[in-house]
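The values are calculated or read from the model by the stated rules, or taken from the named source; none is laboratory data. Please read these numbers as outputs of a predicted model, since none were measured by experiment. Please note: Cβ atoms are built from the backbone with ideal geometry, for glycine as well, and neighbour counts cover all protein chains shown. These accessible areas exclude ligands, DNA and RNA; they are computed on the full protein's heavy atoms, side chains included. Shrake-Rupley method; radii C 1.70, N 1.55, O 1.52, S 1.80 Å.
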Amino acid sequence: MATGRRHDQFTNYLALPYGLICLLWLGLAGFLVGSFAFWFGGLWLSPDLDTNSRPSRRWGPLAWLWTPYRKLVRHRGWLSHTPILGSACRIFYLASMIALACWLLQPLGAPAPQHLAIKLQQCWLLKRGLCIAALGGLEASAWLHLIQDGDPLPWRR
């Protein structure tokens, strides 16, 4: 199992090659979106958000947002350290927290959660390739983490 520093190093090293793959497929926008998604996924949406880890602390003043997630998800459990499902859970959790914040801040002018959902749908319809590059980057960085931990496949536990 790799240390937090090692996870970060590998994420930083491999974000560029993932971006170059996206560059060949989608051009400069693909490179930027793919590299950033891989990097963000590895450093901020890591499978280790289920503990008080480096990725948790990177959220700074917003780190408290991940406290309910840590209480709901067992460390290295199937909801955090499983390919595809783990990333989907973290993305869904973050989207839920953003929607809740928008709902609570609507009196102050924040957009309605439904408005954000419509914008996401429009983005998917108009920029599907970039959305796939972003989701692929998030998932690829999670796989990198899981491989370094030695547990990429849930049925091998």
Quiz item: Could you give me the ³J(HN,Hα) list for region 79-87, computed from phi with Karplus coefficients 6.51, -1.76, 1.60 and θ = phi - 60°, whole Hz, x at Gly and Pro?
Solution: 7, 10, 10, 10, x, 6, 4, x, 5
Quiz item: In Å², what does the accessible area per residue of the chain work out to with a 1.4 Å probe?
Solution: 59 Å²
Exercise. Order the peptides 130-137, 108-115 from the highest to the lowest mean number of other Cβ atoms within 10 Å of their residues.
Key: 130-137, 108-115
Exercise. Would you calculate, for the chain, the mean residue ellipticity at 222 nm contributed by helices, counting each DSSP H stretch of 4 or more residues as -39,500 (n - 2.57) and dividing by all residues, to the nearest 500?
Key: -22500 deg cm²/dmol
Quiz prompt | Dipole of the chain, positive direction: furthest Cα of Ile84, Gly19, Gln106, with charges on the beta-carbon | solution = Gln106
Quiz item: Restricting attention to the alpha-carbon atoms of the chain, what are Rg (one decimal) and Dmax (integer), both in Å?
Solution: 16.1, 49
